[in-house]
Every structure is written in C-alpha cells, then in structure tokens.
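The structure appears right after this line, and notes come after that.
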Amino acid sequence: MITVTNLKKSFGDLQVLKGIDAHIKEGEVVVIIGPSGSGKSTFLRCLNLLENFDEGDVVIDGFHLKDKNTDINKVREEVGMVFQRFNLFPHMTVLDNITLAPVKVRKWPLEKAREKAMELLKKVGLQDKANVYPDSLSGGQAQRVAIARALAMGPKVMLFDEPTSALDPEMVGEVLAVMKQLANEGMTMVVVTHEMGFAREVGDRVIFMDGGYIVEEGTPSDIFDNPQHERTKSFLSKVL
Amino acid sequence: MDFRFDIIQEYAPFFLKGVLLTIGLSLIAIIVGSILGLAIGLGKMSNNRLVRLPFEWYINFFRGTPLFVQILLVHFGLMPMFFTQPSPTVSAAVSLSLNSAAYIAEIFRAGIQSIDKGQMEAARSLGMTHAQAMRYVILPQALKRMIPPFANEFIVLIKDSSLAAIIAAPELMYWGRAAQGQYYRVWEPYLTVAFIYLILTLSLSKLLHYLERKYSNQ
C-alpha cells in the first residue's frame, strides 16, 4: 500500500529525516513512537506531501508522489488525515464540515454526501451534533468529527498525527475507541502517538524513531517486551 | 462675527450633488479596489519571488507616495494617453481605485495570513485544490476578519476623495471651494463641508461598530 525508500527531509540546515525506509501493507495498523523531535510527525506529513521531501521516494497505491504525472490531489483523496489540533472548519456546521470535500472534490450530490455524513456521525456517536458549529464541541467530540470528515472521502489509508495529544485526559479514551473500531474494520492506518497502550493493543507493527532514523521496528511485543536497542530501551523506560 | 446662512442655503443643492459624487467615488473606489486588491494581495503571497515583485512594487508605490501626486499623475499624465479630454470625475475614480487597491491588497493578505495554517492543511489533505481550499475554507473566514479594516479604508476614501477637488472633479470639496471663491468667505463653506464629511464618517463608523458586534457573536 505504502512504500517509502530512503526518505530525506531538511528544514534549512536541520536534517529531520535522514533516510527512512518503510513498507506498510494493506489493512495494517502501524504505530510510530519516539521522542519529540525524532521526525515522526514530519515522516507522516511526507506521506501525503503536506511536507515536501528532498530525497527518496514515496509510493502510495501505485502512485509515485514526486512523479510529475502524479496528481497529488487525487492521491490525497485516498489518504485521510487527522490532525493534533483537529483543524475543523469553524465557519461551517459539523455536517457541512463532513460533506464539503465529498461534494466539491468527489462531486457527489449533496443528498448522498449528507446520508454518508450522518452514517459516519452515528459511527463516531455524534449524530445529534450534525447541526452545531465546531466551537461548541469538546476536544474529544471535535476529534471524532475530524475522523468522520476524513472518512467521508472513503480513503484507503488513514494518517493520524498525534490525534489525542491536544485532548484533556478524560477525552482520550473516546477517540481511541473510534480508532480501534476503525482498525478492527480493516482500515490501513499509520498512527503517530504517545499512547503506548493503544500501540500495544491495536498496532500490528510498532516503529520506533529517533534522530531522523527508524531505530527499531517489530510487533508490539517485540518492541515493548523485548527492545533490542539502547535508545528504544531508554525511551520506553521513560514513558512506560 | 456674522455667519451668512444664505450662502449655505444657496449652495445647498450643489453640496448635495457634491456629496452624492463623493459617496459615488468612494463606492467605486472600494469596489474596483477590492477586485484589484484581491488579485494584488494573492499575487504578493506567491511563492515565486519574480511573480511577487511587481505586486510588491505596486503596493510600495501607491502606499508610499501621496494620493495628491497620484491624482495629478493620473489626470494629467495617464488619462490623456487614452482620452483627448480627460474627465476629472473619471480620473478621480481611477486614481482612488488604484490607490485603495494597494491598501485593500494588504488587508486581504493580512486577513488570509491570519487564518491558522492547519485550515489549509486540512482542506488540502481532503483532496481539495489550492483554489478550492481558498474559496471554501480560507476566504470565508478571512473576509469576516477583514470587515473592520475594510470599513476603515472606506472612511479614509471618503475623506481622501476631497483631494479630487484639485482637478475640478465636482465632489463635495469642489463646491466648498467654489462657494469660497465666489463670496470670499471661509467659515461658511468650509465648516459646512467639514460638517458633512463628519456626518458621513461618523455614521459609517457607527455602522462598522454594529457590524463588528453582529459578526463577533457568531
């Protein structure tokens, strides 16, 4: 589904990705962990070209992102993204937030988009919030709407960029529950998170990044119970 | 000191005509200025330095030189290149529009750049083009924030349009000068004119205040 080869990215003089190779299979849930500044968010943002990379190649569903013939907007239609700060559109109701892209990008009739949106709102448990504005939602509700918004495009892959880091602790659970449900339905997911419990329980594979490299990867039990590298051990000893 | 109300009375129809032209000129300038200003503002935000350059210099020139000079340049320099008998009213409308476009371009730019970067990212991540994201996500939010500086620019235009009197565009100030020239009286025409400008600008800022309150509630 996603193949990343020798991905490199610098911000000015600072190289944040120093050659990343990764392969993500269809239906796989890959959780990326690591200290802040390790490049994990940048890596994730390179996967839908929100961040342009300098070297290497990313292939998603057969499309080479940097190929001149690739329409990045077409690729993004298939790659949903959920942000740390939700990024809901504050001037639109919850329903309009969800239907905007299907109507404008996929050219669906409004009726069809609304039906799909209501279905998704039900799925994330917020059908009664369809007609309110985002500023009246709690953080956990806003993030669940953001997930529904991304799902409305019917993506093949979902990227999560620290989806629970901006939430009050009591709201983390409701968002993780939705993500877990999504994983059980077979969605291909790449999740950057600090929620080690989620990584262990839901992840098929865990990638530990530090200093712009993938230091270690494996099944959750490989990483959490039997880490091989010193840096993985020292990171896990601080967060677990 | 006696105050000759009869002069004001005599000139009242002319002042009325002048006020209408003053408002008309300001309206044309804000409308044309908005259209040009949006294009210039977007141009100035281009990632390409060469594309940006002409827009930057347009803004530099029109904000960095007196409107008075611009009106003279347009009326005696630019317009005669197209018309044998340039109309002062047209010249005034053109120079005010060009001038306000520079200020409005900056209002657009500031408004657009004040919107959180995450909004554009979210829109793009859903597959929208840059233009779609601007049209449906960024501009509707930016326009709301632009209402106060926009209304402010309109108030400035109403006052600055008085400079068009120098090329004999028959707006409010022109008639004030005409009355002064006819009767050699200072207070009657100029105080009246000042008073009318004050009514215009004050009622506009009241309206602005109302709009701001209305939209900040949403």
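Could you tell me whether B:PHE83 is part of a helix (DSSP H, G or I) and either away from every other protein chain (no Cβ under 14 Å) or surrounded by fewer than 22 Cβ atoms within 10 Å (Cβ to Cβ) (or both)?
Details: part of a helix (DSSP H, G or I): no; either away from every other protein chain (no Cβ under 14 Å) or surrounded by fewer than 22 Cβ atoms within 10 Å (Cβ to Cβ) (or both): yes.
No, not satisfied.
Look through segment B:111-120, keep the residues that are at the interface with chain A (Cβ under 10 Å from one of its Cβ atoms) and in a helix (DSSP H, G or I), and return whichever of them is surrounded by the fewest Cβ atoms within 10 Å (Cβ to Cβ).
Ranking the candidates gives B:LYS117 first.
What's the number of the only condition in (1) crowded, with 20+ Cβ neighbours inside 10 Å; (2) part of a helix (DSSP H, G or I); (3) within 10 Å of another protein chain (Cβ to nearest Cβ) that B:TYR136 fails to meet?
Status for B:TYR136: all satisfied but (1).
Given (1) within 14 Å of chain A (Cβ to nearest Cβ); (2) in contact with a Gly (Cβ under 7 Å, 6 or more places away or on another chain), identify the lone condition not met by B:PHE108.
Only one criterion in (1) within 14 Å of chain A (Cβ to nearest Cβ); (2) in contact with a Gly (Cβ under 7 Å, 6 or more places away or on another chain) is unmet by B:PHE108, namely (1).
Any idea how many residues of segment A:80-109 are part of a strand (DSSP E or B) and over 17 Å from the mean Cα position of the chain (by Cα)? Give the steps one after another, and end with the answer.
As a first pass, look at segment A:80-109 and keep what is part of a strand (DSSP E or B): A:80-82.
Checking which are over 17 Å from the mean Cα position of the chain (by Cα) leaves us with none.
Selection size over segment A:80-109: 0.
Take the residues in segment A:135-178 that are touching a strand residue (DSSP E or B) at 6+ places or on another chain (Cβ under 8 Å) and assigned to a helix (DSSP H, G or I); name whichever of them is surrounded by the most Cβ atoms within 10 Å (Cβ to Cβ).
Taking segment A:135-178 and keeping what is touching a strand residue (DSSP E or B) at 6+ places or on another chain (Cβ under 8 Å), we get A:143, A:146-147, A:150-151, A:153, A:155-163.
From what is left, the residues that are assigned to a helix (DSSP H, G or I) are A:143, A:146-147, A:150-151.
Values: A:GLN143: 29, A:ALA146: 27, A:ILE147: 23, A:ALA150: 24, A:LEU151: 22.
Per the stated criteria, the residue is A:GLN143.
Give me the pairs: first residue in segment B:105-133 and closer than 17 Å to B:GLY37 by Cβ, second residue of a type in the set (Phe, Trp, Tyr), beta-carbon distance under 8 Å, and six or more apart or on different chains, which are they?
Filtered contacts from segment B:105-133: B:ALA105/B:PHE55; B:ALA105/B:TYR58; B:ILE107/B:PHE150.
Given the conditions (1) more than 17 Å from the chain's Cα centre (by Cα); (2) within 12 Å of chain B (Cβ to nearest Cβ); (3) among the small types (Gly, Ala, Ser), which single one is not true for A:ALA152?
(1)
So in segment A:82-96, with the set limited to residues that are under 16 Å from A:LEU159 (Cα atoms) and among the aromatic types (Phe, Trp, Tyr), which one is nearest to the other protein chains (Cβ to nearest Cβ)?
Result: A:PHE83.
Could you list, in sequence order, the residues of segment A:97-107 that are among the charged types (D, E, K, R) and crowded, with 19+ Cβ neighbours inside 10 Å?
Initially, segment A:97-107 is screened for residues among the charged types (D, E, K, R), giving A:104, A:106-107.
Correct list: A:LYS104 only.
May I ask you to say which residue of B:ALA92, B:ALA123 is among the aliphatic types (A, V, I, L, M), within 15 Å of the chain's Cα centre (by Cα) and buried (at least 20 other Cβ atoms within 10 Å of the Cβ)?
Values: B:ALA123 fails: within 15 Å of the chain's Cα centre (by Cα).
Answer to the selection: B:ALA92.
Only the coordinates and a few stated rules stand behind these numbers; no lab work does. Since this is a predicted model, take the numbers as computed values, not measurements. Because the Cβ atoms are built from the backbone with ideal geometry, glycine has one as well, and the counts that use them run over all protein chains shown.
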